[in-house]
There are 2 protein chains.
Amino acid sequence: MRPVAVIGAGKTRFGAFPDRDLRSLAVEAGGKCLKDARVRPDAVEAFFLGNFAGPAFVGQNHLAPYVSAGLGISGVPATRIEAACASSGSAFYHAWAGVAGGVYDLVMVVGVEKMTSQPTARVTEILASAGDCAGEIKAGSTFPSLFAMIARRHMHQFGTRKEHLAAVAVKNHANGALNPDAHMRKAITLEQALAGKPVADPLNLYDCSLVSDGAAAVLLAPVERAAEFTDKPVRVLAAAQASDHLALDQKEDITTFPAVRAAAARAYRMAGLEAKDIEFAELHDCFTIAEIIALEDLGFVPRGEGGRYSMEGRTAREGEKPVNASGGLKSKGHPVGATGVAQICDLALQIRCEAGPMQLARHSIGLAENLGGSGATCVVSILGRV
Amino acid sequence: MRPVAVIGAGKTRFGAFPDRDLRSLAVEAGGKCLKDARVRPDAVEAFFLGNFAGPAFVGQNHLAPYVSAGLGISGVPATRIEAACASSGSAFYHAWAGVAGGVYDLVMVVGVEKMTSQPTARVTEILASAGDCAGEIKAGSTFPSLFAMIARRHMHQFGTRKEHLAAVAVKNHANGALNPDAHMRKAITLEQALAGKPVADPLNLYDCSLVSDGAAAVLLAPVERAAEFTDKPVRVLAAAQASDHLALDQKEDITTFPAVRAAAARAYRMAGLEAKDIEFAELHDCFTIAEIIALEDLGFVPRGEGGRYSMEGRTAREGEKPVNASGGLKSKGHPVGATGVAQICDLALQIRCEAGPMQLARHSIGLAENLGGSGATCVVSILGRV
């Protein structure tokens, strides 16, 4: 297995863009990425597209060649990967595997989703198709209600409080206000966060991530060739994907995600690192409770301690373990299929010291955790200096 | 890159199965495959699922962990790949790349589609989402009408006749009658084939493949470990995927598919073989004209000669280059996401000399060509004896 580097990154702003279609967003991100690495489209040897539900959101299937042709990339493998909200994390993982295994030298990964053209009720329905449709979804669950059950159980089992959830929202909104590409650049107070309109008790509006349009792209190459393209390569220290059951009722304990633990264990082993070595992270805060549980499943804190740890400000920009300096899904936005690659872009920008107002003091080793559904897919990646 | 072997294969019957759901079909094929290779589910290191439109056909997204959990495969990467009708050919390609590159030793690929629960008009609409929806599809095209335009142009340019198309249908129906797992086991005459109900002139009912339910699975391992699992390993001599524009109007010439030519060129180079060395093939006859063009794009015959070559019986079971001994998509059936892996299964059974009534006299080196949409994705694989 060869060491792999991120040699280029590009992303669109996240937001609601009624005048932009899916392909134009993907092509904008991909084009910026090619430019960042000074790579011509015809040099790209394989193309991976992470997209969750383009067919349902915009009526277009077969999206990988549709997007790659728009970028001028033809004649090479162009493959769409769908893994719910972890679609582009998974696309990144498989692109990494292709370069690490020596199948390709130069691979592009784009993640994209165009969600805001559908009314909210339809968006909720499309997102729910990532759950167990013959079971929990048929019975009336949606993702907010599934994560509400998870939050309620976490509260019961570990004494997590609504204030802990709200603290995650406050922190991610504060971070997002510093991100020029974020969907929502608005700091909020703890009181505001606690007073949000109820969505699925105990989760309110401020506990839920945003419905967004957007795209992100990275280019990968073997470390040994990285200098041909960039003087700021970022090394992929590890990439790992794992799976689990879709339905909550198939899990032994709904306050922990075995797929996250499995992917994290493999990633730490591959990188030769432990949780304590991770300097900063982009975690999958589709709901505030998901960030709290991620802190625990990744070993940043012991089981049940994620809420208190967040409340104490230890995941803030100035804390010991900054989480979601980009604003996270909560404030940066969550165009589902773009999220995994956007996390990789945000890690890479920090490591390259190009994160602008978001730049963290310690930024040498970062981790991204991208979750699909209520935990049936997870991709954990660790990036660092070459 | 390590040599890779197919160490197990399994498939369901293809047909219309109102009492079976998508997962039960996929689990049946995967279970048979595990049994064929005497592999326990927990030994599988990665799982790839080829599926085109489960979300639209049966309302379920996030299908890879959904199916893998049903097979008892958890904690490893489980990834759905969507590439229109080439979804599971692409899944096979990426599984091959993972083993060839040394990322995994033991990988399962399942292809599945459950189509017959939707009315025909809705099936046509779902299939059309693999075309360029903002262009040709919005303007009223469906896949039968796109391939009708291709056929009409091929006739104009090369003198191909309706009889040539019908000869492909007659041959594939005759072959399918020998396949115990085929959707339609019914031989037809040339007169019947020519008198089929019009679909999109010049294509009639007998020029079009079937709408089917079904699944197929294979297990891959490095050749050096194949003997642990089977005494009849089949070697993957080559696997290659290529892409092109979605829309016909973006192509310079609609009577040839550049993605097929690119994938074939790469596959021949990888295998160190030429078209003449291929003893038999499973080709993507979504429409009869597609088989004719595939013969040309794969270099089996010169441009424009595919129709006459078929009419002369040279692709029949007893011909010099048997094509679609399984019955092909035309008669075996075309559960879209299952087709690519089903082709691999059929090649492997021939090479293992286990094809029963379908067994061909020469069966050492076989090629599979799996086409997505009107040629925007193509996967070409070549299998042979270890």
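Read-outs throughout are calculated quantities, based only on the coordinates presented, and are distinct from any laboratory measurement. For clarity, every value in this text was computed on a predicted model and none was experimentally measured. Glycine also receives a Cβ, built like all others from the backbone with ideal geometry; neighbour counts cover every protein chain displayed.
Among the listed pairs B:Lys35/B:Lys232; A:Lys114/A:Lys332; B:Lys11/B:Lys332; A:Lys11/A:Lys35; A:Lys32/B:Lys138; A:Lys11/A:Lys114, give every one whose C-alpha distance is greater than 21 Å. Flagged as over cut-off: A:Lys32/B:Lys138. Comparing Cα centroids, the range A:217-252 and the range A:323-373 end up 13 angstrom apart.
Out of the GluC sites (Glu not before Pro) in the range A:262-365, which ones are loop residues according to DSSP with at most 14 other C-beta atoms within 10 Å? Before the final figure, lay out the partial values.
Values: sites: A:Glu274, A:Glu279, A:Glu282, A:Glu291, A:Glu296, A:Glu305, A:Glu312, A:Glu318, A:Glu320, A:Glu354; in loops: A:Glu274, A:Glu279, A:Glu305, A:Glu312, A:Glu318, A:Glu320, A:Glu354.
Sites meeting the loop and neighbour criteria: A:Glu274, A:Glu312, A:Glu318, A:Glu320, A:Glu354.
Over all directions, the projected convex hull of the C-alpha atoms in the range A:143-223 averages 7.9 nm² in area. What the Cα convex hull of the protein assembly as shown gives, in volume per residue, is 131 Å³. Volume of the convex hull of the range A:298-386 (Cα atoms only), normalised per residue: 113 Å³. The label-point distance for A:Arg40 and B:Gln359, in a model that sets each label 7 Å from Cα toward Cβ, rounds to 5.4 nm.
Computed over all pairs of different Cα atoms, the Kirkwood value for the hydrodynamic radius of the range B:209-250 is 14.7 Å. Based on the alpha-carbon gyration tensor of the range A:238-362 and its eigenvalue square roots a ≥ b ≥ c, which shape applies: rounded if a/c is under 1.5, prolate if not and a/b is larger than b/c, or oblate? Rounded, since a/c falls under 1.5.
Loop-located trypsin sites (Lys or Arg not before Pro) across the range B:1-58 with a Cβ neighbour count of 13 or fewer within 10 Å are B:Arg38, with loop assigned by DSSP. Averaging Cα coordinates gives a centre for the range A:1-28 and one for the range B:14-37; these two points are 37 Å apart.
Pull out a ≥ b ≥ c, the square roots of the eigenvalues of the alpha-carbon gyration tensor of the range B:146-296, then state rounded if a/c is under 1.5, prolate if not and a/b is larger than b/c, and oblate in the remaining case. Don't skip to the end; give the middle numbers.
On the way: a/c = 2.26, a/b = 1.38, b/c = 1.63.
Note, shape of the range B:146-296 comes out oblate.
The stretch between B:Asp201 and B:Arg385 holds 62.0 nm of extra length on full extension. This uses 0.36 nm per residue minus the Cα-Cα distance. Cross-link partners of A:Lys162 among lysines, defined as those whose alpha carbon lies under 19 angstrom from its own and excluding same-chain residues fewer than eight positions apart: A:Lys171, A:Lys197, A:Lys330. Inter-chain neighbour count for A:127-134: the average number of beta-carbon atoms from partner chains within 10 Å of each residue's beta-carbon is 5. Out of every Cα-Cα pair that chain B contains, those further apart than 37 angstrom amount to 12 percent. Inter-chain Cβ neighbour count for A:67-78, averaged per residue, equals 6 (cutoff 10 Å, partner chain atoms only).
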